[in-house]
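The values are calculated or read from the model by the stated rules, or taken from the named source; none is laboratory data. Bear in mind that the values here come from a model prediction, so they are computed numbers and not experimental data. Note: ideal-geometry Cβ built from the backbone for every residue, glycine included; neighbour counts use all protein chains shown.
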Amino acid sequence: MSKCIFVPPGDREPGDGSEPHRSYSVAATLDRHGASVLDPHAAASAGGWAAPLSSVYRKRTLLLPRDLHEDSALGKLNEALAEAGMRMVSLSQSVELPGGAAAGHLHRPVVLVPGEKSDPDGEVDAWRALTKLREAAARIAAGKPKVDPDLLKQISLEHLLTGSAITGSPEIYGGPEIYGGPEIYGGPYVSPSVAKSYIYGGRDARTPVDLVLDAPYRKPLTACTHEYGRRPVIAVLDTGVREHPWLGVTAVKQDDKYETQPYGPVQVDQAIQDAIYAYEKQAVACGDERRELITDPWDKPVTLDKLVGEISPYAGHGTFIAGIARQLVPDATVLSIRLMHTDGIIYEGDLLLVLELLAARVAKAQEDKDPARMIDAMSLSFGYFNESPADVAFTSGLRHAIDGLLDKGVVMTAAAGNFATTRAYYPAAFAEAGPAAGGAPLISVGALNPNGSRAVFSDGGRWVTAWAPGAAVISTYPVDINGTVQPDIRVPGESRESLDFDDFRSGFAAWSGTSFAAPMMAATVVRAMLKPLQGSSPAGDNPLRLDRYSAKDARARVEHALHELQGPE
C-alpha cells in the first residue's frame, strides 16, 4: 500500500485558496435540495463586504449563532427583513440524546418565509436576505447597537456540501463536471479528459472487482479490551451502509432496512439518526419546503430515477469507506452516521447538528468512562466552496463545531476535493490554520495515485496538509446493488457475457477520489495509536491505552501517533 504523506508548511503546493471559479447550474440537483448558485457577477453585495465568490446555498435557510435565535434578537432581524418581504422562523434550541448528552446547536438554521406584507410574486432567497441583514448590521454599527454587530457578522448562508468521489462519466454524471464538479460547485472548468483516466468502461468511476482475500482478522472484544483498553472508533459521516459480510451488515428484506451485528465492525447511532430526522421534519413544518429527509441510517435510494434505474452517483459510498477502515485497522469499529444523500449532497445545517451531537456524545463518554460511546477519529469526505474566504475563519459555525470535537482529542480528516484547484475547499481548508492550543488536528487530505504520484483530479495548495492513496482504491461495496446497465456483449444461449459495469454482487469495487484518501488517513492514524499498545496489558499501565478517557489522554494518543507517522522511517 502507498504510504500516507504529511506535508510540512514550507513544502506545500502553491496556491493561497483565492483562485476564481466558474459556476453553472444543474437544475435537477438544485431543485431537489431547494438550492441556488451564487453568481458573483449578478450578486448584490452589502457595503463594506467584499464581492462574493461562487458558491451553492439553500434558498430558504440561513445559519444564525444561537444568541440570535432569541425572540428579542430575532424580532429585530425580522424588522430589517420586512422591507425585503421576508421573515425568519427559528427551529428548536437543543436536541437531547439518551444518557443526558445534549447539543445546543451553536449555529443552526432559520427558515425564511414570505413576510406579512410581501409581494405575492416576490422570491424568498437567502442571499438577498443576507445582504439586507448586512446592510442593517452596518447601520447598527454606526449607531447604538440593539443587536451585537459581531453576532450579526456570523449570519451566513447554509451551503450545500458535496461528496468528494469521482462519480461517473463526465458527460453524464459529472465526476468532476456535475456531481463533485465545477459546474454546480463553482470550480474552474476541468476537461473531461482529466477524469476519464479514472472512468471504467466509459460509464462510471466505480467498477466491480473480485477479491480473493479473506476478511482481515478482527480480534474479539475481550482481546482488544485486554490489549488496548477498548476498541478504537472511527466515525464516518456519509451515506450510511448497506449489506456486506465484511462489515457485519445484513438486509432485513421485508422492511427495506438493515441490521448490524452486536459488537460488529460497523455500528450506527439510532438516537442521532432519529435526531436528524426530527430536526429535518421540524424545518419542513416551519416552511423549508424543498428538503430531502434522511429517515434512517441506511444507504438509499440506490437509484434517483426508477424509470432509468442507473445507480445513484454516491450509492455505496459509505460502505466503501467503511471497508477502507476494515482493511487498515480491523480491530476498530466504524460508527456510521448517515448524513449524505445518494446524489452526494449534505446540508450544512444537518452537519452542524451532527457534529455537536457527536461532541456531546464524546464529552459524556469521557465523563462516564464509557467505552461504547467514545470516538477516536472522524472522516469527512465532502466539502464546499465559501463565497467569503476572508471571513469564513471567524464567522463559520462549522469551524466552531469541528473545534468542539478536536478539543476533546478526536482527530479529524477531511477530503481536499476533486476539482484540480487551489481554491479553499471547506472544511478541509480549515486545516491550514493548524490546531487550536492543545487540540487534536484537522488534517486535509489530497489523493495519491497507486504509484505514489499526486492524482491529477485532486485539489492542492498550502491548505492541503497531507496526501494518501485515493485513486483506483479497492474496497467493500454493497452486495445488493445491481444497476440496469447491461453488458456490451452477451452470447445467446450461453451464460457468457462481457463485464457488467454496474453489477456489484461480488461485494468489491475500485473507486477514486479524495473521498477515500481522507478515511485512508484517519485509519492510518488510528492504526498508529494501536501500535505501541500491541502486546501490552492493563498491568503495564501504558499511558497511551484507550481506557484512559480524558480529553488530555486522547490528545496525547493523537500526538504520539502523528509523531510516529511523520518521523523518519
Residues located in the range 1-41, provided they are of a type in the set (A, V, I, L, M) and at pLDDT below 70:
MET1
Tell me which residues, restricted to the range 286-339, are among the charged types (D, E, K, R) and more than 23 Å from ALA528 (Cα to Cα).
ASP288, GLU289, ARG290, ARG291, GLU292, ASP296, ASP299, LYS300, ASP305, LYS306, GLU310, ARG338
Breaking point among (1) in contact (Cβ under 8 Å) with a residue 12 or more places away in the chain; (2) over 30 Å from LEU442 (Cβ atoms), for VAL491:
(1)
Determine, yes or no, whether ASP547 is of a type outside the set (Lys, Arg), in contact with a Ser or Thr (Cβ under 9 Å, 6 or more places away or on another chain) and surrounded by 15 or more Cβ atoms within 10 Å (Cβ to Cβ).
no
Restricting to the range 462-484, and then to whatever is among the small types (Gly, Ala, Ser) and out of contact with any helix residue (DSSP H, G or I) (no Cβ under 8 Å at 6 or more places or on another chain), can you tell me which residue is farthest from ALA429 (Cα to Cα)?
GLY483
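Rundown of residues vs (1) within 30 Å of SER475 (Cα to Cα); (2) crowded, with 19+ Cβ neighbours inside 10 Å, yes/no style:
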position: LYS281; (1), (2): no, no
position: VAL284; (1), (2): no, no
position: ASP288; (1), (2): no, yes
position: TRP298; (1), (2): yes, yes
position: THR303; (1), (2): yes, no
position: LYS306; (1), (2): yes, no
position: ILE311; (1), (2): yes, yes
position: TYR314; (1), (2): yes, yes
position: HIS317; (1), (2): yes, yes
So MET412 ticks every box in (1) within 12 Å of LEU351 (Cβ to Cβ); (2) of a type in the set (A, V, I, L, M); (3) modelled with pLDDT of 95 or more but one. Which box is left unticked?
(1)
Subset of the range 531-569 that is small (Gly, Ala, Ser) and modelled with pLDDT under 95 - its residue that is nearest to the chain's Cα centre (by Cα):
GLY567
Going by the structure shown, is VAL233 under 18 Å from GLY507 (Cβ atoms) and either in the same structural domain as HIS317 (by TED's automatic domain parsing) or not β-branched (Val, Ile, Thr) (or both)?
no
Hey, among the residues in the range 246-276 that are out of contact with any strand residue (DSSP E or B) (no Cβ under 9 Å at 6 or more places or on another chain) and either surrounded by fewer than 14 Cβ atoms within 10 Å (Cβ to Cβ) or among the basic types (Lys, Arg) (or both), which one's farthest from LEU335 (Cα to Cα)?
GLN254
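Filter the range 421-438 down to the residues that are modelled with pLDDT of 90 or more and aliphatic (A, V, I, L, M), then identify the one that is surrounded by the fewest Cβ atoms within 10 Å (Cβ to Cβ). So that I can check it myself, show each step before the final result.
Going residue by residue through the range 421-438, those that are modelled with pLDDT of 90 or more are 421-432.
Then drop every residue that is not aliphatic (A, V, I, L, M), which leaves 424, 428-429, 431.
On the way: ALA424: 28, ALA428: 29, ALA429: 29, ALA431: 24.
Among those that are modelled with pLDDT of 90 or more and aliphatic (A, V, I, L, M), it is ALA431.
Any idea which of ALA468, ALA437, ALA401, ALA416 is among the aliphatic types (A, V, I, L, M) and without any contact (Cβ under 8 Å) to a residue 12 or more places away in the chain? Explain how you work it out, then say what you get.
On the way: ALA468 fails: without any contact (Cβ under 8 Å) to a residue 12 or more places away in the chain; ALA401 fails: without any contact (Cβ under 8 Å) to a residue 12 or more places away in the chain; ALA416 fails: without any contact (Cβ under 8 Å) to a residue 12 or more places away in the chain.
Of the residues listed, the single one that is among the aliphatic types (A, V, I, L, M) and without any contact (Cβ under 8 Å) to a residue 12 or more places away in the chain is ALA437.
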Counting only residues that are in contact with a Ser or Thr (Cβ under 7 Å, 6 or more places away or on another chain) and assigned to a loop (DSSP other than H, G, I, E, B), which one in the range 397-419 is surrounded by the most Cβ atoms within 10 Å (Cβ to Cβ)?
ASN418
Taking the range 272-289 and keeping residues of a type in the set (A, V, I, L, M, F, W, C) and touching a Lys or Arg at 6+ places or on another chain (Cβ under 9 Å) leaves ILE272, ILE276, ALA283, VAL284
From the list ALA528, ALA509, exactly one residue is assigned to a helix (DSSP H, G or I) and either modelled with pLDDT of 90 or more or of a type in the set (Ser, Thr, Tyr) (or both). Which is it?
ALA528
Could you please tell me which pairs satisfy a Cβ distance under 7 Å, a separation of 6+ or placement on different chains, a first residue in the range 349-367 that is under 16 Å from ALA283 (Cβ atoms), and a second residue that is among the aromatic types (Phe, Trp, Tyr)?
LEU353/TYR279
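LEU533: touching a residue at least 40 places away in the same chain (Cβ under 8 Å) and surrounded by fewer than 24 Cβ atoms within 10 Å (Cβ to Cβ), yes or no? Spell out the reasoning first.
On the way: touching a residue at least 40 places away in the same chain (Cβ under 8 Å): yes; surrounded by fewer than 24 Cβ atoms within 10 Å (Cβ to Cβ): yes.
In short, yes.
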In this structure, does ILE443 turn out to be among the aliphatic types (A, V, I, L, M), assigned to a strand (DSSP E or B) and either within 18 Å of the chain's Cα centre (by Cα) or crowded, with 20+ Cβ neighbours inside 10 Å (or both)?
yes
